[in-house]
Each structure stands twice: as C-alpha cells, then as structure tokens.
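The values are calculated or read from the model by the stated rules, or taken from the named source; none is laboratory data. Quantities reported herein were computed from a predicted structural model and do not represent experimental measurements. All Cβ positions, glycine included, derive from the backbone under ideal geometry; neighbour counts span all protein chains shown.
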Amino acid sequence: MLFPNGRRLYMLEKNSEIPSSYLLDLQTKEKTPIGSKEGYFHFLENDIVYVGGKGEYILDGATGLQYPIQSFSQLHPNAFSNGYVDTELLVRALSQSDEVFLIDAASDPVIAISSDFRINPEHNFIVYSYDLPEYWANPMEEFLHQNGIVYKYAAARFPSKSLPTEVASPDGKFIARDDGIHLAETNQMIVNAPIPGVRGWTYDGRGVIYSSRRCLFQIGLPFADDRACFRWVSEPVFMLKIPNEYLLPGKSP
C-alpha cells in the first residue's frame, strides 16, 4: 500500500507463522513497525489512515502509532433509541468535529476526527448509515448534505478489487501502466513491469510501485460464472525506476 504522497509504503511480511507489518520510508529507507493488525485502509490525509476490519483504529503514518476509534453508539449509548440515533445529537457532534470523512463502503460510515485525536482519541468516532432512522431512504451522504455538514471523501480502500489501469507521473512526462512505464508524449515503453498492478508514483516522481494479488482458492459451483475467491495471496512488491537518461533536462532519448 503506497501512501498518497508517495513517501511511505505499507509492507506486510508473512515469512513466518506470525506476520509482521511496517511502514517503509522510501526516502530514508527507515522501517517503522506497526504491529500485525490487518484490515482495510482508507486514507483520510496523506499520513492519516483509517483501518477498518478487525478492531478499527486511526494509523499515524509518520510515527506508526495506532489510535483506537469507537462507534458513536459506544461513546454515546444514550443517544440511541430502538437501535437508531437521535439525529439532532449526531448533527451537533459532527458539527463540533474538526474534520469529517465519508468512507466509500457498503455501510457508508462517517469518521469524525478532532485535531487532538492523538492525545484524546475518545474525541473521535465512527457512525454508520444503518444508525440513521430510515437509512435505506436517506443514505449517509444525503444526511450530511441536508444538515450542512462539511465533509471529505476518503480515498479508495486497500486492498481493493480493482486497480488503476494507468497513472501519470507528477510532471506529466511519464505514464505507468500495467505493462510498464511509458513516455507520455510518444507512448514508448521505457521500463517493462514484471507484474501488473500499478499502485502509484513515489514521492520524487522517479519510481512506480507495482503490487498485485492472485487467488489461491476459488469457491463456487462447477462451470458457474459466479465464483468467489476463498483466499487471496499477495505477490511481491516492485519499485520500477525511471532510467537516468530520461530524467536529464532537455534530453529526449
């Protein structure tokens, strides 16, 4: 998983019975251990990540520290009646948050973050669309609009079912595709990719991260079109670099 600013890379190693995960700083090569928790990652800011799945928390990419985040129902059980939240109380809480993020997921969760979340993680909370009365007719995004709550979209989750087919370099001179890196002007391939799966450009615009997954076991009826993957296996992560001759100013190899 490459952070949006291209500075850090999340790595999960499974060479032993106990997997280890860390953040690799692509500039300094420093490794910051972050434990072995797995889940889905949604970028809130360049270095701030919401991790969903088994035990939700906020990950600070700069330090590797994790801050637990609770649901609004856990923090304010008295705000719920018959399983649904008092919308006036929820609007008040969202309005008092420093930042609000809408997560692209089945339950349309919303993450509310305070500026002091590292010191007081209890000021953060997560609320789901099914907490709302008549949530099928009034999804979370519409609820935010109706109540004037300013929010941001969280970036797509990782791992994801789909990957971008191509990503342009920050300076627009190169395009990374599944088959490799191309010159934007002529479409000439200058670096061949060992595997498909473009993740993004590194912080300096001189390299591209490639990673992918393959299905180890599929489940479903024989000869049926609708089959699901029972177990995904991550493949190695590659960083392809732009050859130096293409980086020289004013030179067109």
Pairing a residue in segment 182-198 that is at positive phi with any residue that is of a type in the set (G, A, S), where Cβ atoms lie under 6 Å and the two sit 6 or more apart in sequence or on different chains, gives G197/S211; G197/S212
Among D108, D86, D131, D60, the single one that is assigned by TED's automatic domain parsing to the domain that holds I149, surrounded by 14 or more Cβ atoms within 10 Å (Cβ to Cβ) and on the phi > 0 side of the Ramachandran plot is D108
When (1) within 23 Å of the chain's Cα centre (by Cα); (2) surrounded by fewer than 17 Cβ atoms within 10 Å (Cβ to Cβ); (3) over 24 Å from H145 (Cβ atoms) are applied to N120, the one that fails is (1)
Checked I149, I126 against criteria (modelled with pLDDT of 90 or more, in contact with a strand residue (DSSP E or B) (Cβ under 7 Å, 6 or more places away or on another chain), surrounded by 17 or more Cβ atoms within 10 Å (Cβ to Cβ) and in a strand (DSSP E or B)); the one match is I126
Test I119 against the criterion of being without any contact (Cβ under 8 Å) to a residue 24 or more places away in the chain, β-branched (V, I, T), in the same structural domain as Q146 (by TED's automatic domain parsing) and not in a helix (DSSP H, G or I), and give yes or no. yes
Within segment 65-83, the count of residues that are in contact (Cβ under 8 Å) with a residue 24 or more places away in the chain, buried (at least 17 other Cβ atoms within 10 Å of the Cβ) and either out of contact with any helix residue (DSSP H, G or I) (no Cβ under 9 Å at 6 or more places or on another chain) or more than 16 Å from P121 (Cα to Cα) (or both) comes to 1
Taking segment 185-244 and keeping only residues that are part of a strand (DSSP E or B), modelled with pLDDT of 85 or more and surrounded by fewer than 15 Cβ atoms within 10 Å (Cβ to Cβ), one is left with M189, N192, K241
